[in-house]
Amino acid sequence: MLSYRHGFHAGNHADVLKHFVLIELLNYLNQKDTAYTYVDTHSGAGLYSLDTGYATKNAEYETGIAPLWDRDDIPTALQAYLDVIKDLNPSGKLRYYPGSPYCADQVMREPDRLRLFELHPSEIKILSENFRKLEAHKAEQGIRPSTRGKRIMINAGDGFDGLKALLPPPSRRALVLIDPPYEVKDDYRRVKVCLEDAAQRFPTGVYAVWYPVLSRIESKQLPERLKRILGNGWLNVTLSISGPSPDGFGLHSSGMFIINPPWTLEATLREVMPYLVRVLGKDAGARYTIESGETEVSKSERPQRTTSQRPVRTSDRNIDARSPRSVATPARQNNRAARPANLNKTRGR
């Protein structure tokens with residue numbers, strides 16, 4: 001159970017999908033002045049070196065961030081994701097890749113709060129050290145917090161269980177990312193149970209679940225089960241960079257399932273996903289799917305609604321499908337202080 005290290009997979013196509021969607025969700029929450037809480041149930045190490053350690057074994061980043069790195073036709077909607085990674089690599093050479101905690105820290109505002117969980121004993125040490133270095137770097141530049149309370153709290157424990165104590169959050173606004181390794185079948189069950197409990201405690205929260213698209217029955221059933229959880233609608237997006245391998249091994253496809261998604265997210269995905277298929281796709285099996293709809297539970301609990309319910313909408317495109325013309329990328333604005341290139345050389349998730 002504790003053998004998984006995300007460093008082997010850092011920056012791959014699944015990370016591109018996960019972190020792009022995560023940053024879109026965070027930027028949407030940033031539009032409202034009220035502070036919010038971000039909860040990461042499986043944080044990993046938070047930051048990864050791509051040219052040393054685990055990431056060099058299979059170089060999975062070559063299926064994800066690497067093909068995007070030097071392109072000059074990045075869609076506007078994808079640029080915020082690339083900006084976070086570019087800021088982490090000020091030399092222009094792709095050496096470091098951010099995990100979800102780092103992405104969140106860079107996009108969120110000072111009054112917002114991060115609550116990070118990690119169970120792996122080695123990963124939690126690296127995660128804590130990474131954020132200690134970030135805080136020290138800010139202090140060296142004279143950047144001091146202007147709000148009371150601890151902005152980032154790192155917890156060595158099970159995020160499935162730890163989430164319960166954080167909901168509902170004080171501000172009544174929150175984004176929860178659930179991203180277990182799925183090394184054991186029980187992870188699929190625990191995702192569903194965790195979300196059912198969370199939705200009862202805090203029905204208006206935004207919940208995002210990353211999951212692998214595999215041939216095993218648990219993977220196939222997970223999205224359908226999540227569609228029945230209480231919420232004000234759901235959105236499910238998958239990205240496949242190739243068809244399944246003959247031996248069934250390897251991750252070629254993954255998905256993000258969002259409960260209570262922002263109303264703008266589906267349109268953004270329909271702009272970006274054809275581009276990702278075109279750039280990251282390896283063969284004719286490359287495709288994306290987008291589904292959106294309302295849960296049966298949410299429908300039954302809204303008797304006052306008289307207008308017709310929004311039907312489930314799906315989209316499935318293969319690599320040969322004509323994608324929308326990419327929007328010219330505007331000059332990137334970066335008002336953050338430059339990060340040191342040697343911020344971290346971690347081995348981990």
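The criterion of at least 2 residues that are of a type in the set (Val, Ile, Thr) is met by the following strands (runs of 3 or more DSSP E) wholly inside the stretch 27-109: 37-40. Residue count for the stretch 199-232 under the criterion of being over 17 Å from the mean Cα position of the chain (by Cα), under 23 Å from His13 (Cβ atoms) and among the small types (Gly, Ala, Ser): the result is 2. Restricting Arg228, Arg201, Arg216 to residues that are at pLDDT 95 or above and of a type in the set (Lys, Arg) narrows the list to Arg201.
On inspection, Gly64 fails the criterion of being within 18 Å of the chain's Cα centre (by Cα) and either surrounded by fewer than 17 Cβ atoms within 10 Å (Cβ to Cβ) or farther than 28 Å from Ala267 by Cα (or both).
Of the residues making up the stretch 159-178, those that are surrounded by 15 or more Cβ atoms within 10 Å (Cβ to Cβ) and either assigned to a helix (DSSP H, G or I) or out of contact with any helix residue (DSSP H, G or I) (no Cβ under 8 Å at 6 or more places or on another chain) (or both) are Gly159, Phe160, Gly162, Leu163, Leu166, Pro169.
Residues in the stretch 283-303 that are under 25 Å from the mean Cα position of the chain (by Cα), farther than 16 Å from Leu251 by Cα and in a loop (DSSP other than H, G, I, E, B) were compared, and the one that is modelled with the highest pLDDT is Glu294.
Residues checked against (1) modelled with pLDDT under 95; (2) of a type in the set (Val, Ile, Thr); (3) touching a Leu at 6+ places or on another chain (Cβ under 7 Å):
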| site | (1), (2), (3) |
| --- | --- |
| Ser100 | no, no, yes |
| Glu110 | yes, no, no |
| Pro121 | yes, no, no |
| Phe131 | yes, no, no |
| Glu140 | yes, no, no |
| Ile143 | yes, yes, no |
| Arg148 | yes, no, no |
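Please tell me if Ser254 is within 22 Å of Glu118 (Cα to Cα) and of a type in the set (Ser, Thr, Tyr). For Ser254, the condition - within 22 Å of Glu118 (Cα to Cα) and of a type in the set (Ser, Thr, Tyr) - is met.
Being under 25 Å from Ala45 (Cβ atoms) and not charged (D, E, K, R) is a description that does not apply to Phe202.
The values are calculated or read from the model by the stated rules, or taken from the named source; none is laboratory data. The shown structure was predicted, so the numbers you read here are calculated from the model rather than taken from an experiment. Neighbour counts run over all protein chains shown; Cβ positions are idealised from the backbone, glycine included.
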